[in-house]
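Okay, so here's the structure we're looking at.
The values are calculated or read from the model by the stated rules, or taken from the named source; none is laboratory data. This structure is a prediction, so every number in the text was calculated from the model and none was measured. We place every Cβ from the backbone using ideal geometry, glycine too, and count neighbours over all the protein chains shown. Just the protein is used for accessible areas: all its heavy atoms, side chains included, with ligands, DNA and RNA removed. Shrake-Rupley method; radii C 1.70, N 1.55, O 1.52, S 1.80 Å.
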Amino acid sequence: MSAQTPYSDKRLLIIDDLPDMRSSLRTQISSLAIEKVGMAGTIKEALEQLKTHKYDIILCDYYLAGGTDGQQFLDYLRTKNLIARATLFIMITAETGYESVVTAAECLPDDYLLKPFTAESLRTRFERLLEKKARLAKVDRLQDQGAWLEVTIACDEIIAAKDKYLVDAMRIKGNALVMSAQFAAAIEFYQKCIALRPMPWAQLGLAKALRGSGDVEKSKSVLNEIVSSSPKFLAAYDLLGRIHIDEGKDKEALSILDSASRVSPNSLTRQRSIAVVAEASGDHARVEQAMTIVLKNTKNSPLREATDHAKLINALTELGDTTRAIALITEAKTSFKEVGDIALLSAAEAVTQQKAGHPELAKQALERALQSGVGKLPQSTAFASAKACLANGRQDDAMAILKDVIQDDPDSSTVQGRIADLMKDHGGAEKAQELMTSSAKEIIQLNNNAVGKAKAGEYATASKMLAEAAARLPNNMQIVSNAAFSLLVDVFMNGMDAAKVREALTLQQAVLKKDGHHPKLVDIANILAKIKQKYSLTDNP
Amino acid sequence: MSFADIAALTIHDVKNRLAHLAGLAEGRGDTETLRTALEASEALTHLLAFYKSENGILNLVVNDHSPSDLLVELANDTKGLRAILVDVDHGQAPTLWFYDEVLVRMVLSNAVQNAFRYARERIVISAIEQDECLEFSVHDDGAGYPDSVLVDSGASAAVTRDGTGLGLRLAKRIAEMHKNQDRCGDTRLYNDNGAVFKLILPK
């Protein structure tokens, strides 16, 4: 019988396409007294396993059959939140060259192992990694809760201990300062880290903090430095790209994303961001190129997405290749069965069929797009549906859809640009402007009504109005921040209500995440402090 | 497809087979076969790394690591595979240092393999901070390096059938790739009641 080890109770998943490798890994694992072991030969099987069990450790081979590699799979798991921060993900590879893939990756595995290795080596590695997880467990939990202030305090304890997790704690602390919008403190902290050693993560943190504090030019210059000194550090390219997009410089954004994709040609996330920028700037050939790569890499894989197909269908239609677009629609229809996916694909189809000279098919597709569009449409589907309505002569429906999009994301130059683009042949700039003005007026009216109610002492009514609006327009930071504030005022005036405070805190987090220096955040922090004082709360409510 | 591409794919395939072989041998407790499979695989890793460094595509990924952890790992990797013991002396090792762990592990593991060939009873691996540098040492109690190897830390040592020269050259290159401010790393070979291999990495 195997001896008890500190990890005997852990659940472990092996992902490898070679049956021989799976069985020898399995033998090694059982010699470590780990009994709860799942096995998967494909990504599909792995996803099924992850759905049924909560795994503590995942051992995944970098090379997986079927076009998708282990790194793309890890990116997918992390971006879709399919594994917890506490889950250990270990990549197995046959060569040392993997580290360059790793640095260029979006999401880092906890470690990677060069094969072959003995059970003894595996044991040493597990112990080391689990020791680290245990040391950082409190910090991880606080991060999961978004309790950034507490995260910085917990990190300070580790930093003061000066043990081998010092740099890990520094990295997490810096991020917590940025997340809680303490930009001045973050800038100072990162500068100290850089003085210790110019580590790329600290330089990136500095760039984020500078951007948050409003010093975009300095932020850009730090990012350019990272790109030249650590050309494999792709997060710097991404942030630089985002800054260019915010400034409406699509060409610069595309060029920086292009250089990033040369460093990491297999990153699906990056090809997807290229397509988003290219689509916004009307560069359909570029969209076609990027999406063809993504579709090729995700063909027959559970990682395929309807939005990728819709983008390619749209690009092909714009490029006049309706034959290929229709073939792709037929193929996509067999792969995607979810309501939201059908809405998106049908909207794309409605435009394609109209352009291909099949008005009847276009009409049917549009009906499908609009009737299945229950609830709130994601922005991409909304644009596709509006475009389909315009192409099929249903201008009023298009206007109603676009109004929601504008009200949800009123300050986005991308949204405004896309609307102007859509309306080019349907009333032009004048009509687009009219739509934006009337949409903005409605929001002002809503805010004024709520303020009126609050002034009349009807705090509960005001907070209810704004909270409902925030649910409808989760990206409208003016509405969301006002909703958080008015919920807290309501609590302050009318008495403690834990549910309302929780809702307000969620909204506050949403604002912090999207715009760390939103002016309303100060008011929210002040009223929170008053609530704590009034109800004698020591901790966060 | 170039010869280099085909060679890389073949090496990858052979390594998979060696991994399978190692797994089978380990499963039935066949230590000798396991050790041979691991060593063969390590030789291929060296070959590939050397090829990359020749072509300027061996990338360095420097991060914070614990030298003690690495030493313990290296000693554990040989557990049960060898009659000779590897002692770890990490009493004076700094808590953290910055280096590429994969490449440094490869260099030290190779130095330990060499030491096994000449050691009589024991090998000591250690890490210590000296003059703002981290010094990893692998010290055996064998007959020591011949003069021909000592000349320039083995950088021009002939590549012998057991691959010793290749390992030493690669070690020097990897050491030199580790740079901070004006300093760069180095390797040193000398004799002191046996052979001593040092890998020196700047702060």
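For chain A, what does the accessible surface come to per residue with a 1.4 Å probe? Please give it in Å².
45
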| query | Where the only charges are on Cβ atoms (+1 Lys, Arg; -1 Asp, Glu), what is the dipole of the stretch A:229-349 about its Cα centre, to the nearest 20 debye? | reply | 460
| query | Using a basic spin-label model with each label point 7 Å from the Cα along Cα→Cβ, how many nm lie between B:CYS184 and B:SER148? | reply | 2.8
| message | Given N residues in the stretch B:24-97, what is its alpha carbon radius of gyration divided by 2.2 N^0.38 Å? | response | 1.42
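What part of the accessible area of the stretch A:1-65, given as a whole %, is carbon or sulfur when the probe is 1.4 angstrom?
51
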| task | List, in order, the whole-Hz ³J(HN,Hα) value for each residue of the stretch A:496-505 obtained from phi through the Karplus relation with A = 6.51, B = -1.76, C = 1.60 and θ = phi - 60°; use x for Gly and Pro. | result | 4, 9, 4, 5, 5, 4, 4, 4, 4, 5
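Considering just Cα atoms, how many Å³ per residue does the convex hull of the stretch A:108-236 enclose? Spell out each step's value before the answer.
Numbers: hull volume 15.6 nm³, N = 129.
Spread over its residues, the Cα hull of the stretch A:108-236 gives 121 Å³ apiece.
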| remark: Scoring chain B by relative contact order with C-alpha pairs under 8 Å, at least six apart, yields a percentage of 17
| What whole-number value in Å² describes the accessible area per residue of the stretch B:68-203 for a 1.4 Å probe? | 46
| Average projection area in nm² (convex hull over Cα atoms of chain A, one quarter of hull surface) | 27.6
| Using modelled amide H (1.01 Å from N, peptide plane; none on Pro or chain starts), what sits under 5 Å from the amide H of B:LEU85, excluding residues fewer than 5 places away? | B:ILE123
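For the interface of chains B and A, what total accessible area is buried with a 1.4 Å probe, rounded to the nearest 100 Å²?
Numbers: alone 11320 and 26090 Å², together 34210 Å².
Answer for the B-A pair: about 3200 Å² buried.
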| task | Output ³J(HN,Hα) for the stretch A:401-414: one whole-Hz value per residue in order, computed from phi by the Karplus curve 6.51 cos²θ - 1.76 cosθ + 1.60 with θ = phi - 60°, and x for Gly and Pro. | result | 5, 5, 4, 4, 4, 5, 5, 6, 9, x, 9, 7, 5, 5
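Among A:VAL415, A:VAL227, what's the order by accessible area (1.4 angstrom probe), most exposed first? Intermediate values should be presented prior to the final figure.
Details: A:VAL415 5, A:VAL227 30 Å².
Descending order: A:VAL227, A:VAL415.
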| Which of the lysines could a cross-linker bridge to A:LYS115, judged by Cα under 16 Å and excluding same-chain residues fewer than eight apart? | B:LYS15
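Round to a whole number: what % of the accessible area of the stretch A:197-348 belongs to carbon and sulfur, probe 1.4 Å?
52
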| query | Once phi is turned into ³J(HN,Hα) by the Karplus curve 6.51 cos²θ - 1.76 cosθ + 1.60 with θ = phi - 60°, what whole-Hz value does each residue of the stretch A:428-436 show in order, with x for glycine and proline? | reply | x, 4, 4, 5, 4, 5, 4, 5, 5
| message | Contact order normalised by length for the stretch B:1-99, with contacts defined as Cα pairs under 8 Å and 6 or more residues apart; what percent is it? | response | 25
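What FRET efficiency, computed as 1/(1 + (r/R0)^6) with R0 = 41 Å and r the Cβ-Cβ distance, is obtained for A:ASP411 and A:LYS532, rounded to the nearest 0.05? Before the final figure, lay out each step's value.
Details: r = 32 Å, r/R0 = 0.77.
Computed FRET efficiency for A:ASP411 and A:LYS532: 0.85.
If you count, for each residue, the other Cβ atoms within 10 Å and average over each peptide, how do A:212-221, A:468-477, B:109-118, A:168-177 line up from highest to lowest?
Values: A:212-221: 15.8, A:468-477: 18.3, B:109-118: 20.7, A:168-177: 22.8.
Descending packing order for the listed peptides: A:168-177, B:109-118, A:468-477, A:212-221.
Please report the relative contact order for the stretch A:205-297, taking Cα pairs under 8 Å with a sequence separation of at least 6, and give it as a percent rounded to a whole number.
Values: 88 pairs, mean separation 15.5, N = 93.
Rounded, it is 17 percent for the stretch A:205-297.
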| remark: For the A:THR27, B:ARG117 Cβ pair and Förster radius 22 Å, calculated FRET efficiency rounded to 0.05 is 0.15
| remark: With label points set 7 Å from each Cα along the Cα-to-Cβ direction at A:SER229 and B:LEU60, the distance between them in nm comes to 1.4
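Please find the FRET efficiency linking A:SER259 to A:GLN145, where r is the Cβ-Cβ separation and R0 is fixed at 45 Å, and quote it to the nearest 0.05. Don't skip to the end; give the middle numbers.
Working: r = 37 Å, r/R0 = 0.82.
Plugging the Cβ-Cβ distance into 1/(1 + (r/R0)^6) gives 0.75.
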| request: Report the accessible area of A:THR330, computed with a 1.4 Å probe over the heavy atoms of all protein chains in place, in Å² rounded to the nearest 10. | output: 90
| task | List the residues of the stretch B:35-65 whose accessible area drops by at least 30 Å² when all protein chains are present, compared with their chain alone, using a 1.4 Å probe and counting only protein heavy atoms. | result | B:LEU38, B:THR45, B:LEU48, B:LYS52, B:ASN59, B:VAL61, B:ASP64
| said: Could you report the accessible area of A:ASP250 in Å², rounded to 10, computed with a 1.4 Å probe on the protein chains as they sit in the structure? | reply: 40
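With charges only on Cβ, +1 for K and R and -1 for D and E, what is the dipole size of the stretch A:329-396 about its Cα centre, in debye, rounded to 20? Walk me through the numbers on the way to the answer.
Details: 8 positive and 7 negative charges, 18 e Å.
Magnitude of the dipole: close to 80 debye.
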| query | In the protein assembly as shown, what % of DSSP beta bridges are antiparallel (nearest 5)? | reply | 55
| field | Cα centroid of the stretch A:28-90 to Cα centroid of the stretch A:391-431, whole Å | value | 43
| note | Expected integer from the mean partner chain Cβ neighbour count at 10 Å over A:108-119 is 5
| field | Euclidean distance between Cα centres, the stretch B:34-55 to the stretch A:484-515, Å | value | 59
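D for the stretch B:5-67, whole µm²/s, Stokes-Einstein with Kirkwood Rh over alpha-carbon pairs at 10 °C and 1.306 mPa s: what number? It would help to have the intermediate numbers written out before the result.
On the way: Rh = 13.4 Å.
In µm²/s, the coefficient rounds to 119.
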| said: Can you give me the distance in nm between label points at A:ALA134 and A:ASP215, each placed 7 Å from the Cα along the Cα-to-Cβ direction? | reply: 4.3
| remark: Sorted by chain and then number, the residues having a modelled amide H within less than 5 Å of the amide H of A:LEU13, at least 5 places away or on another chain, are A:GLY38, A:ILE57, A:ILE58, A:LEU59
| How would A:LEU240, A:LEU142 rank on accessible area, largest to smallest, probe 1.4 Å? | A:LEU142, A:LEU240
| Apportionment of accessible area to carbon and sulfur, chain B, percent (1.4 Å) | 51
| said: I'd like the mean, over residues of A:13-24, of how many other protein chain beta carbons sit within 10 Å of each residue's own Cβ. | reply: 2
| remark: Residues whose modelled amide H sits under 5 Å from the amide H of B:LEU134, counting only those 5 or more places away in sequence or on another chain, are B:LEU201, B:LYS203
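Going from most exposed to least, what order do A:LYS337, A:LYS80, A:LYS115, A:LYS403 have by accessible area with a 1.4 Å probe?
On the way: A:LYS337 145, A:LYS80 95, A:LYS115 10, A:LYS403 60 Å².
So the residues, ranked largest to smallest area, are A:LYS337, A:LYS80, A:LYS403, A:LYS115.
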| said: With only alpha-carbon atoms in the gyration tensor, what are the semi-axes of the equivalent ellipsoid for the stretch B:88-133, in Å, largest first? | reply: 22, 15, 8
